[in-house]
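Structure first, commentary second.
No lab work stands behind these numbers, since they all come straight from the coordinates. Treat the numbers as computed from the prediction; the structure is a model and nothing was measured. Note that we place each Cβ from the backbone using ideal geometry, even for glycine, and neighbour counts take in every protein chain shown.
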C-alpha cells in the first residue's frame, strides 16, 4: 500500500519550511524562561480551559456534598469532643505562658478551598485551588486536609492558586514525632510508577528507633509549614548511614488523588522558636511561639 | 480535510479535554488528543499536522510545571511525521490504523520522555517499555472504536 506525493515541488518546499518553523517554535516554547511559560499557562487556564476547570471544581464540590451524613456526623462528634477537651487545655496553657512570661501562641488563619486536579500529562503532582490572592493566599502557604498535610501553594492568581502535593520532587517538610524526640526531613521518593510514590523521613539521629505506625507531624522548623500537621506514619526502615543517620519510609496521611477539599494556612509562620530582637527580659528568656 | 474527519477529530479533542481536565481521570481515560492529531494529520499535511500538534500540546502543557513545552514539541513532531505517512501508505484499513495509532501514541510518549526534565521523569524501562505501550494500545483501541462508530468508510476521501 505504497502512497504517492500529493503536492508539487513548490508546495512540498513550502510545507517543509512551515513544518520546520513550527517544530522550531515548539523548541523555543520548550526553552522559554519560566516567567514566560507561566504567562502562557495562565492565559490558557483562564481562557480556553477555564470552563473545564469550572466543571472540575463543580464535580469536586458535588462529590463533597455526596458524603455520607453519618460519616460527617461522626467526624463532627469527634471534633466537638476534641474542642471541649481543648478548652481547659488552652486555659492551662495561657496561665502557664503568663507565669513563664511567654507571648501568646500564634493563631493560624485558614481558608477553605476546593482542590481541583487535572489528568493531563506532566500535571501529576499539581493541584489547583479555587482560592487566590483575593482570599489572602500567598505562595508557599501550607495546604492540608482533615487527614493531614497535602502540599504547598506555589503560584497565586486572582481567584485561583496552583500548588504541588507531597509527591512532587521539590516537596520537603521538617517532621517530628508527637513527643518531639525525633526530628527529620520528609521528602518524596519516586516509585517505579507514579502510583508507587511515597514519603521518606531522612536525617533522623542514628540512635533514634522509630517503630512502624509511629505518627509524624510537621515540626514548624523552617517556617513554611505550621507545627503539628500530620504527615503520615512510619512504615519501615529505609536505609542507614553507618553511625550517622537513619531513614524511614512513611505512609502518607493524605493520598493526593482523593483530596477534594483542603484548608490553606494563610500566614506563613515564623520559625516556631524565635527570640524577640529587643527583648528587655534577661538572657535565656526566649519568645516561644 | 473533509467534514467527517473534522467533526471526528474535534469531537475526540473535546472528549479528551472533558475526560482529562474536567473530570481529571488521568490515565484511566485514553489519550484521545493523540488519536485526533494522528487522524487529522493524515488529512492535513505536514505543516497542518505540526500546527495541530503544537496547539494540542499547548493545551496539554497548560498544567505542566516541570516540563512545559515537552508535549508541544512531541505532538508537533508526531503531527508532522504522521502526515508524511500518507505519502508512504494509502488506505485506512483497520490493521493499518491500529498500528499507526499505537506507534503514534508510543512515539509521542518517547519524545515527551526524552525532552522532559530528567529529575521529574520516571525510569526509561518502566515508562517507555512497559507503561507507554499499554497506554498506546488503549488509545488505539479507543481511536478505532471512535473511527468505526463515527466515521465509517475511508477518511482520506
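Scaling against 2.2 N^0.38 Å puts the C-alpha radius of gyration of the range A:172-253 at 1.02.
Shape summary: the range A:114-257 maps onto an equivalent ellipsoid whose semi-axes, from the alpha-carbon gyration tensor, are 28, 17, 12 Å in decreasing order. Rounded, prolate or oblate: which fits the protein assembly as shown, taking a ≥ b ≥ c as square roots of the Cα gyration tensor eigenvalues, rounded meaning a/c under 1.5, else prolate when a/b beats b/c? Verdict is prolate for the protein assembly as shown. Quick one: Cα centre-to-centre distance for the range A:127-205 and the range A:44-83, in angstrom? When both Cα centres are located, 20 Å separates them.
Neighbour counting of Cβ atoms within 10 Å sorts the residues A:164, B:96, B:54, fewest neighbours leading, into B:96, B:54, A:164. In terms of surrounding Cβ atoms within a 10 Å radius of their Cβ, B:44, A:27, B:134 rank from fewest to most as B:134, A:27, B:44. Would you report the distance distribution of C-alpha pairs in the range B:3-150 as whole percents per 5 angstrom bin, up to the bin with the largest distance? So the P(r) values, bin by bin, are 2, 11, 19, 25, 23, 13, 6, 2, 0.
Compared with the dominant principal axis of the Cα atoms in chain A, helix A:50-65 is inclined by about 40°.
Note on the range B:85-157: Cα convex hull, mean projected area over all directions, 5.7 nm².
Distance from the C-alpha centroid of the range B:1-72 to that of the range B:92-146: 14 Å, rounded to the whole angstrom. The residues A:125, B:41, A:50, when put in order of fewest to most other Cβ atoms within 10 Å, stand as A:50, A:125, B:41.
Calculate log10 I(q)/I(0) of the range A:36-159 for q = 0.12 Å⁻¹, where I(q) comes from the Debye formula with a single equal point scatterer on each Cα and nothing for solvent. So the normalised log intensities are -0.67.
According to the calculation over all Cα-Cα pairs in the range A:71-123, the P(r) per 5 Å bin from zero is 4, 13, 11, 15, 16, 11, 10, 8, 6, 4, 2, 0 %.
Taking the longest Cα principal axis of chain A as reference, the axis of helix A:34-46 is set at about 80 degrees.
With each label modelled as a point 7 angstrom along the Cα→C-beta vector, the residue B:10-residue A:63 pair spans 3.1 nm.
Once the Cα atoms are used to define both axes, helix A:69-100 deviates from the longest principal axis of chain A by about 50 degrees.
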